[in-house]
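Q: The structure under discussion is supplied below as structure tokens; questions concerning it will follow.
Read-outs throughout are calculated quantities, based only on the coordinates presented, and are distinct from any laboratory measurement. Only a predicted model underlies this, so the values are computations on that prediction, with no experimental measurement involved. All Cβ positions, glycine included, derive from the backbone under ideal geometry; neighbour counts span all protein chains shown.
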Amino acid sequence: MSSRPGARPSSGTILIGLVAVVVAVLVAIWVVLNGQSIVQSFWPPAPASTQGQAIHDLYTIVFIIAAAIFFVVEGLIVWTVIRYRRKPGDDELPPQTHGHNLAEIVWTVVPTLIVIFLFFISWQTLNTVEAKSNAPDLLVRAHAGQFQWTFDYMAPGAKVTDDPVFSMSQAREGRLRLLGVSTATRLQAVPDIPTMTELGVPMDLMGWFSAMVPAATPRPVVDQINGWFRQVIATEESKAFLNKFGGDPWVATPDEAQARLLKDIKDWGEYVRLAKITPQG
């Protein structure tokens, strides 16, 4: 009586298995080494205010509810697959369930209660976050970006800012006093404010905006676009709009704007060197 030896796995199968084991080990090592940062990535940054703490608490509650629902649903799916898997000898479908009253009540009532609870705590958090104070214990300056915002947490009693829009709004409300401007000459928007050079600190720093085109754009097209911008900026409406936010109209030719850009690049490169900031990119 002879027996047939078992079939050996192919070399390809063995290679795939080894690769899978190596990948699994590397992933496990990465998770162990970065476990804390991975866990922290699921939560927002540490709150710096009462309002921030309220938002953090709301996020934690929602996250816990979502995680619980996820594990319950996934657990039921896995249990169902194992419990009702097809077994040898099963030639017919198992008994079908239609109109299970208890199941229908559970998956209708439970989500409704969760939504009502989340609405209640979200409303409470909204009231906390939108509360206004004439003497806030924290001053935050927000910077809008293309994809996300960044925030500066000002020191207690801070009154100095380099943001003209923020400065003008705070000055109008009497929350701070403007001491000087960084431009070479006084601004038409705030003619009573001296320059830093007048105050004994020589500087010529100006924030400015311009429209740019590809380098290969024909000069007549560049001049035409420049002419349109000069016409708009020269209007009284544009001047009033810019002055409202602490700015002055700056009308320049393409050559003047290019020269200013190159000068600023050179100047800020020197500032980076003096501040010992490591260049990036």
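Q: Rounded to the nearest 10 degrees, what's the angle between the helix 11-33 long axis and the longest principal axis of the chain, both from Cα atoms, 0 to 90?
A: 50 degrees
Q: Moving to a separate point now. Fewest Cβ neighbours within 10 Å first, please rank 132, 244 accordingly.
A: Working: 132 5, 244 13.
Neighbour counts put them in this order, fewest first: 132, 244.
Q: Can I ask one more? Comparing 168, 206, 154, which has the greatest mean-square fluctuation in the GNM of the chain with Cα pairs linked when under 10 Å apart?
A: Most flexible of the set in this elastic network: 206.
Q: Order of 198, 104 from fewest to most other C-beta atoms within 10 Å?
A: Taking fewest neighbouring Cβ atoms as first place, the list is 104, 198.
Q: Further, regarding this structure: What is the Cα convex hull volume of the chain when expressed per residue in Å³?
A: Normalising the Cα hull of the chain by residue number yields 358 Å³.
Q: Would you list 260, 86 from fewest to most Cβ contacts within 10 Å? It would help to have the intermediate numbers written out before the result.
A: Working: 260 15, 86 9.
Exposure proxy ranking, most exposed first: 86, 260.
Q: Please report, in cubic angstrom per residue, the volume enclosed by the convex hull of the alpha-carbon atoms of the range 241-281.
A: Convex hull volume per residue, Cα atoms: 123 Å³.
Q: Hey, another quick one. To the nearest Å, what is the center-to-center distance of the range 246-281 and the range 82-144, using C-alpha atoms only?
A: 52 Å
Q: Separate question: Using helices alone, what [θ] at 222 nm do you get for the chain, with -39,500 (n - 2.57) per DSSP H run of 4 or more residues, divided over all residues and rounded to the nearest 500?
A: Value at 222 nm, helices only: -17500 deg cm²/dmol.
Q: Additional query: Which residue, 80, 125, 13, has the most motion in a Gaussian network model of the chain that connects Cα atoms within less than 10 Å?
A: Checking each option, the largest mean-square fluctuation is seen for 13.
Q: Under a GNM of the chain (C-alpha, springs under 10 Å), which listed residue has the highest mean-square fluctuation: 191, 249, 94?
A: Greatest mean-square fluctuation among the candidates belongs to 94.
Q: Please compute the Kirkwood hydrodynamic radius of the range 208-281 from all pairs of different C-alpha atoms, in Å with one decimal.
A: Evaluated over the range 208-281, this radius sits at 14.6 Å.
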